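Please treat every number below as a calculation from the coordinates, not as lab data. These numbers come from a predicted model, not from an experiment. Please note: Cβ atoms are built from the backbone with ideal geometry, for glycine as well, and neighbour counts cover all protein chains shown.
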Amino acid sequence: MEVKIDQVRYSIEKAREIKEIHRLHYLNSDASEKSLTNLLHLCQCYLGKTITAREHHMQHEGQPMRGFFLAFEDGHYEVVLMGGQNRCWKRLVLCKELFHVILDSDEYRDPLISRLIDNAAISFPDPKSRPDLPIVAEMLAEIAAMEYLFPFEDRKLLRNKMSDGETVDFHAIAKRYGIPQVYVESSLKDKNMDLYSTIFSEE
C-alpha cells in the first residue's frame, strides 16, 4: 500500500509529541513498556478527548479486525477491542485505536465498518495499491502506535547490534516492550528501517 511520506512523517511527529507530553506529566516515562493507562488518561485530560475503552464480548478468532473506534456526533469516542487477545496484542490494538482518535479528522472516517474491513483486506497486501484516506488512516495510526511503543531510536540500536553480528532475541524484545513479536520483526526489516531513516535524515 502506497502512503505519502508527508503523511507518514506527520504520524511519527504526532507520536513523538504525545511521548513528550507523557514525559512531562507521568512517572517512569522512559520505561521500555509504555503505560497505556497513562496514554488513555493523557488523551482524556491533556488533549481534551472524551474516550471510553472496552473489550467486546465477541472473541477475535483470526478475522482481520482486532479493534475499532467509534466517533459520535457529540464529540466523544469509544474504543473497542475484540475479546480473547493476549496482553501484547491488546496493548498494540488499544494504542493504535487511541492514535486513530488523536489523528482523527472527517476525511479519515468511513461510516461503514464492513466496507473499511473489505478495502483494508484488499489494500494492505498490495504494495502498489492507492487506497482512500480511511484506509490510509489505518496505516498511519499503526505507524504512530509503533513509534510510541517501539521508538525508532531503540530500533536503530537493535539493528546496529544485528549488524555487528550479535544475536537478537525477538521474543525477549517483544516481552520487554509489551508488543507482538511479529511487529518487532517487521519493524526491524530493511524496508521499514530505510523508510524511517529517510524521514529522520530530513530533520
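Please count how many residues of region 20-45 are of a type in the set (D, E) and touching a residue at least 24 places away in the same chain (Cβ under 8 Å).
Quick first cut of region 20-45, residues of a type in the set (D, E) only: 20, 30, 33.
When the remaining residues are screened for being touching a residue at least 24 places away in the same chain (Cβ under 8 Å), the result is 33.
Here the count works out to 1.
Between E55, E78, which is more than 16 Å from the chain's Cα centre (by Cα), closer than 20 Å to D104 by Cβ and assigned to a strand (DSSP E or B)? Can you show your working first?
Details: E55 fails: closer than 20 Å to D104 by Cβ.
That would be E78, the only listed residue that is more than 16 Å from the chain's Cα centre (by Cα), closer than 20 Å to D104 by Cβ and assigned to a strand (DSSP E or B).
Out of curiosity, is T37 closer than 22 Å to L81 by Cβ, within 16 Å of the chain's Cα centre (by Cα), surrounded by fewer than 13 Cβ atoms within 10 Å (Cβ to Cβ) and not charged (D, E, K, R)?
Details: closer than 22 Å to L81 by Cβ: yes; within 16 Å of the chain's Cα centre (by Cα): yes; surrounded by fewer than 13 Cβ atoms within 10 Å (Cβ to Cβ): yes; not charged (D, E, K, R): yes.
Judged against the criteria, T37 is a match.
Provide a single number: the residues in region 12-37 that are in a helix (DSSP H, G or I), in contact with a Phe, Trp or Tyr (Cβ under 8 Å, 6 or more places away or on another chain) and over 15 Å from V101 (Cβ atoms). Give the steps one after another, and end with the answer.
If we filter region 12-37 for residues that are in a helix (DSSP H, G or I), which is where we start, we get 12-25, 36-37.
After this cut, where a residue has to be in contact with a Phe, Trp or Tyr (Cβ under 8 Å, 6 or more places away or on another chain) as well, the list is 12, 14-15, 18-19, 21, 25.
Those still in the list that are over 15 Å from V101 (Cβ atoms) too: 12, 19, 25.
Looking only at that region, the number is 3.
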